[in-house]
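Just below is one structure, and these are the notes that go with it.
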Amino acid sequence: MALATAGLSTHIWNNNLRSLLLLCFYPLLLTGMLWAICFLAGAGIMPQPEALQGGHFDFTRPARFATAAAFEYLPLVLALVSVWFIIAWFFNTRMVRALSHSHPVTRKQEPELYNLLENLCIAAGMPMPRLEVIETHARNAFASGVDRNSYTITVTRGLLSALTRDEVEAVLGHELTHIRNRDVRLLIVSVIFTGLIGFAAQMAWSSFRYNLWAGAGRRYGHGRRQNTSVPAILFILGVMAILWIGYAATLFTRFALSRRREFMADAGAVQLTKNPAAMMSALLRIAQRDRIPEATGDIALMCIENSHPFLGLFATHPPIEARIRAISTTTGTPIPDLGQSRRAPDNERFSPAAPGNPWLTRERPLRRSGNPWTQD
């Protein structure tokens, strides 16, 4: 049964508007972080003896200094961020490939998979994205890219080996919907900015540790030790705190972007394939078998499922049960019963590779030991 009319266009427009507002938060966040760092610097170089003697600390003085300094250095900071953004915009495909350890495949290597994606693109009126595979037994997939020249759909070998043809088609439809709704571009941009702030936070922490412990043992001139003043240590700690708070703020933004869009992508897959049962059974087979050991947390955010919450607290995706229930309720389709096995029968399983696929005959085979999902 096809998906009934549910105002998908309105939901997509609203979600994109909310996402745009969230992304506009980044320049404001960077400006606020710059101002806070300048405030700390101003408080350190503008001593107030009366405050040390029990008087009132005048916050307006470092605040004025911070405002003036922030306006002076803001163009430089935005220029550096723009350079980083431009680099990431043009090289995001290589970055994602390195983070996920995927490899591109052609029609000759994966004819059935390639044809499924091509047929869906024709039905959706979309250009064909690139196709890549991760050689792992995990069952997952994700879309990446920022424009039609870089859009890519990546699937794992485990997903191709465990799902039926209809289920793989539903997963591809899910990822195509992420591309069509511009979810992928928003997530990539979020990861790029978050990576920049996180990198700065880690550099500050590394520098602090080096100067505090390693630098304390250095000797200069007449055998005197280098002494790090208390204000300097407090300033460095304050800068690190600002950077980590900013990094945490970007993480929360990414969680909001990810959770809102999975329901829409599921609905889009049903709309494309006209097969809600396949989408539900695909989610059932993927559940609890989604973790890609070699991939980073940034890649997990983009995947069709991420069952491992960040720091054990924050779920980046809605529960599989809620997504399946939403499809069943909206389409009036009963939830499939896969029985005890969550792997498709041999006669129904999607053929994962063409004969002679070089990735299946490499000297380093797929890792099988310790993977409980290879036996079901």
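Annotations
- Förster-model FRET efficiency, 25 Å R0, R165 and I122, C-beta, rounded to 0.05: 0.90
- In this label model, S9 and T60 are separated by 5.6 nm, measuring between points 7 Å along each Cα→Cβ vector.
- A Förster radius of 22 Å, combined with the Cβ-Cβ distance separating A322 from F85, puts the computed FRET efficiency at roughly 0.05.
- With 0.36 nm allotted per residue and the present C-alpha distance subtracted, the T296-R94 stretch has 71.3 nm of extension available.
- Sorted peptide list for 191-204, 66-79, 233-246, criterion being average Cβ within 10 angstrom, highest first: 191-204, 233-246, 66-79
- Legend: calculated FRET efficiency, A232 to L21, from the Cβ-Cβ distance at R0 = 51 Å, rounded to 0.05, equals 0.85.
- Extension gain, Y73 to D147: 0.36 nm times the residue separation minus the Cα-Cα distance gives 23.5 nm.
- Ordering D337, D166 from the fewest to the most neighbouring beta carbons within 10 Å gives D337, D166.
None of the figures in this text is laboratory data; all of them are computed from the coordinates on show. Please read these numbers as outputs of a predicted model, since none were measured by experiment. Here Cβ is always computed from backbone atoms with ideal geometry, including for glycine, and neighbour counts include all displayed protein chains.
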